[in-house]
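Right, one structure below, let's go through it.
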Amino acid sequence: PALPLAATLLGACSSISPPTLWVEAAKVRPQSAQGAVIELTIRADNPNADALPLRDTDYVLTLNNAEVFKGLRSAQCTLPGFGQQTFTLPAAVPGPLPRGSISYRIQGDVEYILPGAWQETLADSGLPQPTADLNATGEIANP
């Protein structure tokens, strides 16, 4: 009985648009022979008047066409109505990275909570939440 109710409540807020996500910056943190950390700064844009809390980000990072990292991390931020916010996604990469320009691709999704007290209750109960796509490609300079 709870699942049809949840579907009805989620459908009632269909006028809410998902946030738009893109990579604002990508950089290599200082590395060792054991590996490196890639840090991706993600900017999220909320096209709605209501604030949208962002939750878990499930993502995969590919470097030079090779999958190097899968992760799940909380965005730990709330997008203000008609506003923007950034959050950081790290990726631990084994072994040293090649020097020069490295092609990257990040693919994943970011869970968000629809506005309203009922929506927060549903989210806290563990029911699936809507997601926004995170798909971007670019180059990282590794001096």
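The figures follow:
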read-out	value
Cα-projected label distance for VAL28 with THR86, points at 7 Å along beta-carbon direction, nm	2.1
Area accessible to solvent at VAL37, 1.4 Å probe radius, in Å²	60
Dipole moment magnitude, nearest 20 debye, the stretch 13-143 about Cα centre, only Lys, Arg, Asp, Glu C-beta charged	540
Whole-angstrom Cα spans of the stretch 60-112 along principal axes, big to small	41, 21, 16
Cα-projected label distance for SER103 with SER74, points at 7 Å along beta-carbon direction, nm	3.6
Largest-first ellipsoid semi-axes for the stretch 20-65, taking √(5λ) over the Cα gyration tensor eigenvalues, angstrom	29, 11, 10
Most mobile listed residue (PRO130, PRO94, PRO30) in the chain, GNM with C-alpha springs under 10 Å	PRO30
Rg over Rh [alpha-carbon atoms, Kirkwood Rh] for the chain	1.06
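The values are calculated or read from the model by the stated rules, or taken from the named source; none is laboratory data. This one's a predicted model, so the numbers in the text were calculated from it and none came from an experiment. Positions of Cβ are backbone-derived with ideal geometry, glycine not excepted, and every protein chain shown enters the neighbour counts. When the accessible area is computed, the model is the full protein with side chains, heavy atoms only, and any ligands, DNA or RNA have been set aside. Shrake-Rupley method; radii C 1.70, N 1.55, O 1.52, S 1.80 Å.
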